1. Quick one: how many residues across the range 13-31 are open to solvent by 100 Å² or more (accessible area, probe 1.4 Å), part of a loop (DSSP other than H, G, I, E, B) and hydrophobic (A, V, I, L, M, F, W, C)?
2. Taking only pairs six or more apart or across chains, which ones have beta-carbon atoms under 7 Å, a first residue in the range 27-45 that is of a type in the set (Val, Ile, Thr), and a second residue that is surrounded by 10 or more Cβ atoms within 10 Å (Cβ to Cβ) and assigned to a loop (DSSP other than H, G, I, E, B)?
3. Cβ-Cβ below 7 Å, separation at least six or inter-chain, first residue in the range 1-25 and among the charged types (D, E, K, R), second at pLDDT below 90 and loosely packed, with under 10 Cβ neighbours inside 10 Å: which pairs?
4. Can you pull out the residues in the range 20-36 that are modelled with pLDDT under 90 and over 13 Å from the mean Cα position of the chain (by Cα)?
5. Out of everything in the range 32-55 that is surrounded by 10 or more Cβ atoms within 10 Å (Cβ to Cβ) and among the charged types (D, E, K, R), what residue ends up being nearest to residue 22 (Cα to Cα)?
6. Scan (1) basic (Lys, Arg); (2) in a loop (DSSP other than H, G, I, E, B); (3) surrounded by 10 or more Cβ atoms within 10 Å (Cβ to Cβ) for the single condition residue 10 breaks and write down its number.
Amino acid sequence: MKKDFSVTVREVKISAGAGFVVVLLGNILTMPGLPKRPAAEKIDITPEGIISGLF
């Protein structure tokens with residue numbers, strides 16, 4: 001077992017919804033999270049059948 005070493009913490013993030021504490025070391029990249037409102041909430045269909053809000 002190795003002893004007497006140090007670890008430099010670059011950043012600490014709280015992911016409260018998931019219940020995690022994320023500790024970033026060095027050049028670690030994280031994936032982006034999801035938005036608060038899903039894109040599906042912006043999609044609408046008119047009575048004529050025209051779809052809006054896809055892009």
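1. 2
2. Pairs that qualify, where the first residue is of a type in the set (Val, Ile, Thr) and the partner is surrounded by 10 or more Cβ atoms within 10 Å (Cβ to Cβ) and assigned to a loop (DSSP other than H, G, I, E, B), are 43/53.
3. Cβ pairs passing all conditions: 10/26.
4. The answer is 26, 27, 28.
5. Among those that are surrounded by 10 or more Cβ atoms within 10 Å (Cβ to Cβ) and among the charged types (D, E, K, R), it is 42.
6. (2)
The values are calculated or read from the model by the stated rules, or taken from the named source; none is laboratory data. What you are looking at is a predicted structure, and each value in this text was computed from that prediction instead of being measured. Cβ atoms come from the backbone with ideal geometry, glycine included; neighbour counts cover every protein chain shown. The accessibility values were calculated without ligands, DNA or RNA, using every heavy atom of the protein model including side chains. Shrake-Rupley method; radii C 1.70, N 1.55, O 1.52, S 1.80 Å.
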